[in-house]
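Okay, structure first, notes after.
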Amino acid sequence: VRTEGVLDPAGRPLDDLNHVSAVLVDAVIPSDEKGNGKAVSWTTDPTKKEIWIPCGFHGDEVNGETSSDYARIVDADTMTTRTGPRLPQSGGACASAALRIIPNEPPMICAFAGTRGTHDRGIFLPHTQCYDRIRQKWWNPFGPLPYGLDHGSLAVVPPGTCRMIFNFRTRPYGDSHPEILAYDLPREGWTIEQLEEYSTEGGNARRTPETSEWYLYHNVTDLSNPVNEPRDASGVVTANGGRQILNFGGTAHRIDPVTSKRRKVKFSMIRSLDVCEKSWTVMGDLGLSTFALQSCGSAKGNVAITCGGEAPLHESNSPLCFASRWEGIMIDDQHRPVDYFTKGGVVRKDDEEDRPRGTTTGDGEEGIVAALA
């Protein structure tokens, strides 16, 4: 990636960034008018791809990092980088996705959680934020998570599958979390009026971690089996239309219940979560125990590719990429936004308690954005 020494408005080099999460999208060309929440003219160019990076740390010295104040945008054709919008909440190690927030409009760039400050002593953020590339404005459709977290993985499950952020930590080098948080995507999407209401002082005040619309989708209680053991900083892709979530490598810190001493564990396991059965199974092995990975998937090639991570030599970066495919497993296109808008009712948190989450009140089914712990 070429930046030629260019600095962002905060004085940070565009190429100095780690603990990132990347989103690949078709370029959107808005009109010159800013919009300020009102519709403006725009076009999309499916032949021009951009990689948006809505979070990250500057600096490569542990506890000497600085959270990035600005997003980065990489032109996938020329591999040049330019400064993106200023971030409402700056942090590193977030999860991100391209999500259609308003029907019939291009997907927004959404970032979830992360750490503001340094890697080990920063503040774990519960915040979520989505950038509207048409109106050139940040919105907050999802509200806060129930607690701050970082190093999480996020998967979007299409309607009719079942539903899910996961593989995260809530304190530096603490035990990883086995729970999976989920958010039911509204079947009709959001309107500008709703997004504007959420952006007001009163609207934000009513949405707190204590009243979060995110809920506990699943929590594995039997951690004696290594396949169920939580891990963070791992790679994730979806397969079989969102029914399976493939999880590559990762790290955890096992805490001795007697001495309270911490022991770092790195994983080489490839495991799969059946979203409907809520169970993990072993799918294979990377051949290298590592973490801090980035995974992507190609439906056309039916292959999952995992790159980066810690090399066998401690605190060095791995130049390796791993390609994985399985008979009977169809890898999803990870960067095609899930079209979850359908007709029918939408499940709310106060619906009948005896009806499982993810079922519907009408003739449609909902999509889910989920987090793995």
Legend entry - Residue count, region 18-46 (criterion: among the hydroxyl-bearing types (S, T, Y), at pLDDT 90 or above and open to solvent by 50 Å² or more (accessible area, probe 1.4 Å)): 0
Legend entry - Conditions (1) more than 23 Å from D333 (Cα to Cα); (2) open to solvent by less than 20 Å² (accessible area, probe 1.4 Å); (3) among the hydrophobic types (A, V, I, L, M, F, W, C): number failed by F124: (2)
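Restricted to region 199-242, and to residues that are farther than 21 Å from S289 by Cα and acidic (D, E), which residue is surrounded by the most Cβ atoms within 10 Å (Cβ to Cβ)? Steps first, please.
Taking region 199-242 and keeping what is farther than 21 Å from S289 by Cα, we get 199-222, 238-242.
From what's left, acidic (D, E): 201, 210, 213, 222.
Working: E201: 6, E210: 8, E213: 15, D222: 8.
Restricting to residues being farther than 21 Å from S289 by Cα and acidic (D, E), the top hit is E213.
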Inset, instruction - Keeping to region 100-121, report how many residues are in contact with a Pro (Cβ under 6 Å, 6 or more places away or on another chain), open to solvent by 10 Å² or more (accessible area, probe 1.4 Å) and in a strand (DSSP E or B). - result: 0
Inset, instruction - Working only within region 245-262, note down all residues that are surrounded by 24 or more Cβ atoms within 10 Å (Cβ to Cβ) and farther than 16 Å from A292 by Cβ. - result: I245, L246
Legend entry - Residue identified as within 15 Å of the chain's Cα centre (by Cα), over 26 Å from C296 (Cβ atoms) and either at pLDDT 85 or above or among the hydroxyl-bearing types (S, T, Y) (or both) among G152, G148: G148
Inset, instruction - Output the residues belonging to region 61-99 that are under 16 Å from K49 (Cα atoms) and either outside any strand (DSSP E or B) or of a type in the set (K, R) (or both). - result: R72, A76, D77, T78, M79, R82
Inset, instruction - Please state which one of R121, R116, R135 is under 24 Å from S41 (Cα atoms) and of a type in the set (D, E, K, R). - result: R135
Legend entry - Residue selected from region 303-316 under the condition open to solvent by 60 Å² or more (accessible area, probe 1.4 Å) and at pLDDT below 80, by the criterion nearest to A239 (Cα to Cα): P312
Inset, instruction - Six or more apart or on different chains, Cβ under 6 Å: which pairs go from a residue in region 242-267 that's modelled with pLDDT under 90 to one that's loosely packed, with under 10 Cβ neighbours inside 10 Å? Could you list them? - result: R254/R263
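Just name the residue that is most open to solvent (accessible area, probe 1.4 Å) out of those in region 273-285 that are of a type outside the set (V, I, T) and at pLDDT 95 or above.
It comes out as D285.
The values are calculated or read from the model by the stated rules, or taken from the named source; none is laboratory data. The model shown is predicted, which means the values in this text are computed figures rather than measured ones. Neighbour counts are summed over all protein chains in view; Cβ atoms, including those assigned to glycine, are modelled from backbone coordinates with ideal geometry. Quick note on the areas: whole protein, heavy atoms, side chains included, nothing else; ligands and nucleic acids left out. Shrake-Rupley method; radii C 1.70, N 1.55, O 1.52, S 1.80 Å.
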